[in-house]
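Asker: Here it is, the structure, as structure tokens.
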Amino acid sequence: MTQDSPMQEATVNTWRQRVGRWSLLLLIAVFLSLTGCYTSSRLMSSSRAIQVFDNPSYNSVVNLGATGVSAVQRASHWRDASGTRPSMADTTQSFSKSGRLRIGAYNIAHGRGNGSDNWDGGNQGEREDRLREIAAFLRDSELDVVVLNEVDFDSSWSHRVNQAEFLAREAGFPYRVEHRNFDAALPFYSWRFGNAVLSRHPISAARLVEHPAYARWEGILAGQKNGVVCTVDLPNDNQVRVLAVHLSHRSERTRIASARMIAEERKREGPPLIAIGDFNSTPTDFPHAEPDASGQTALSWLLGEGGFTTLFPATEDIGQMTYSSTTPVRVIDWILVDDELRLLSQEVPPLTLSDHRPIIGVVGWKSHQK
């Protein structure tokens with residue numbers, strides 16, 4: 001058996017050292033590249049947090065007022081704060097027909113269906129088929145405006161499909177606002193998602209409504225759940241503000257702090273305000289309420305000190321619960337209106353295309369519009 005000479009051993013050691021140095025340099029270069037890409041995406045995120053789109057070609061004609069009887073029957077499950085049920089006249093017609101606004105909210109869970117992980121939901125074709133079913137529901141519901149939560153705009157787990165644009169096109173909403181709560185990217189991977197507002201009427205303004213972050217570092221590194229308020233121009237020079245809501249699912253204290261900011265938006269001068277979406281909160285006397293140390297919830301605060309009103313389902317009526325879609329036990333998706341408006345009816349269609357059920361309401365003005 002021959003032994004390597006000292007010169008051969010030195011050569012091998014030198015080669016190993018060079019490989020080690022080059023490997024380390026390569027790892028550093030990859031790390032810096034990834035960090036630079038990620039940092040760049042975060043620095044640019046504020047400039048694209050809110051975008052307003054106008055696509056007249058998406059407009060579609062819907063059959064108005066075709067389901068009046070069933071809408072009245074479903075809406076009868078809800079009551080106002082006094083315990084009375086409102087009048088149901090004209091509750092299935094759009095604003096242009098009835099002077100009342102049909103509005104909805106749906107947390108679409110990134111188009112994954114009932115899966116618990118965002119990578120669930122099937123391949124791109126299966127996900128798009130699910131989105132088409134959601135679009136058909138939105139179109140058939142004859143809504144003037146709909147707020148969508150957990151909408152992907154460019155996320156790897158949903159094959160980088162802009163779900164807001166897809167649903168607006170398929171459901172016939174010519175106007176939309178895209179609001180990115182989370183916006184970050186690496187080479188070959190991205191997660192950009194948030195809220196969307198789809199409308200059959202022009203949207204003349206859109207503005208961020210900031211909420212506190214659950215954790216400050218999280219807000220800096222990836223983003224946080226904020227709101228967006230849109231001014232919708234209705235026929236006959238009427239306007240309404242629609243605030244898309246999606247509050248933290250991890251902390252009632254954070255939700256209550258966000259509720260205070262929503263209430264501040266209500267006090268701002270402007271058209272009447274509707275706050276709608278996934279509040280992740282329910283009144284203190286409702287099933288599965290999660291009050292903070294003071295015994296308060298975000299929903300109870302908004303309906304008390306916050307100055308909003310809504311319709312309440314019977315607490316024992318599982319059919320009016322919004323979460324989860326397959327085993328409904330909680331009401332966490334809500335439509336709240338300010339003191340210039342009245343929520344006339346509300347329904348929760350038993351859809352299972354997401355882990356949430358959608359909610360639909362009809363809103364009227366207490367005073368006569370223009």
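The values are calculated or read from the model by the stated rules, or taken from the named source; none is laboratory data. Fair warning: this is a prediction, and the values are worked out from it, not measured in the lab. No Cβ is skipped: glycine too gets one built from the backbone with ideal geometry, and neighbour counts run over all protein chains shown.
Asker: Within region 221-231, does at least one residue satisfy the condition of being farther than 25 Å from residue 338 by Cα and small (Gly, Ala, Ser)?
Answerer: Yes, because at least one residue in region 221-231 is farther than 25 Å from residue 338 by Cα and small (Gly, Ala, Ser).
Asker: Let me ask something else about it. Residue 165 - would you say it is of a type in the set (Asp, Glu) and touching a helix residue (DSSP H, G or I) at 6+ places or on another chain (Cβ under 7 Å)?
Answerer: Judged against the criteria, residue 165 is not a match.
Asker: Just to verify a result, which residue in region 292-336, among those that are among the charged types (D, E, K, R) and more than 20 Å from residue 276 (Cα to Cα), is modelled with the lowest pLDDT?
Answerer: Ranking the candidates gives 316 first.
Asker: Assess whether residue 262 counts as being outside any strand (DSSP E or B), touching a helix residue (DSSP H, G or I) at 6+ places or on another chain (Cβ under 7 Å) and either among the aliphatic types (A, V, I, L, M) or modelled with pLDDT of 95 or more (or both).
Answerer: yes
Asker: Here's a follow-up. Could you please tell me which pairs satisfy a Cβ distance under 8 Å, a separation of 6+ or placement on different chains, a first residue in region 149-173 that is in the same structural domain as residue 359 (by TED's automatic domain parsing), and a second residue that is surrounded by fewer than 18 Cβ atoms within 10 Å (Cβ to Cβ) and among the small types (Gly, Ala, Ser)?
Answerer: Close Cβ pairs (under 8 Å, with a partner that is surrounded by fewer than 18 Cβ atoms within 10 Å (Cβ to Cβ) and among the small types (Gly, Ala, Ser)) amount to 170/136; 171/60; 171/136; 172/60.
Asker: OK, next. Take residue 325 and decide whether it is without any contact (Cβ under 8 Å) to a residue 60 or more places away in the chain and polar (S, T, N, Q).
Answerer: Spelling it out, it is not the case that residue 325 is without any contact (Cβ under 8 Å) to a residue 60 or more places away in the chain and polar (S, T, N, Q).
Asker: Determine, yes or no, whether residue 276 is closer than 30 Å to residue 235 by Cβ, assigned by TED's automatic domain parsing to the domain that holds residue 258 and under 19 Å from the mean Cα position of the chain (by Cα). Full working, then the answer.
Answerer: On the way: closer than 30 Å to residue 235 by Cβ: yes; assigned by TED's automatic domain parsing to the domain that holds residue 258: yes; under 19 Å from the mean Cα position of the chain (by Cα): yes.
So residue 276 passes the test.
Asker: If you go through region 106-127, how many residues are surrounded by 14 or more Cβ atoms within 10 Å (Cβ to Cβ), of a type in the set (S, T, N, Q) and part of a loop (DSSP other than H, G, I, E, B)?
Answerer: Qualifying residue count for the region: 2.
Asker: For region 150-181, enumerate the residues that are outside any loop (DSSP other than H, G, I, E, B) and surrounded by fewer than 19 Cβ atoms within 10 Å (Cβ to Cβ).
Answerer: 156, 165, 169
Asker: Here's another thing I want to ask about it. Here are the criteria: (1) over 21 Å from residue 100 (Cα atoms); (2) touching a residue at least 24 places away in the same chain (Cβ under 8 Å). Tell me which single one residue 294 does not satisfy.
Answerer: Against the list (1) over 21 Å from residue 100 (Cα atoms); (2) touching a residue at least 24 places away in the same chain (Cβ under 8 Å), residue 294 comes up short only on (2).
Asker: Which numbered condition in (1) among the acidic types (Asp, Glu); (2) more than 17 Å from the chain's Cα centre (by Cα); (3) closer than 30 Å to residue 202 by Cα is the only one that residue 317 fails?
Answerer: Only one criterion is unmet by residue 317, namely (3).
Asker: Let me ask you something else. Looking at 228, 232, 197, which is the one that is in contact with a Cys (Cβ under 9 Å, 6 or more places away or on another chain), in contact (Cβ under 8 Å) with a residue 12 or more places away in the chain, of a type in the set (Val, Ile, Thr) and crowded, with 18+ Cβ neighbours inside 10 Å?
Answerer: 197
Asker: Given the conditions (1) surrounded by fewer than 24 Cβ atoms within 10 Å (Cβ to Cβ); (2) under 27 Å from residue 264 (Cα atoms); (3) in contact (Cβ under 8 Å) with a residue 60 or more places away in the chain, which single one is not true for residue 184?
Answerer: Single failed check for residue 184: (2).
Asker: Quick check: anything in region 290-301 under 25 Å from residue 108 (Cα atoms) and in a loop (DSSP other than H, G, I, E, B)?
Answerer: yes
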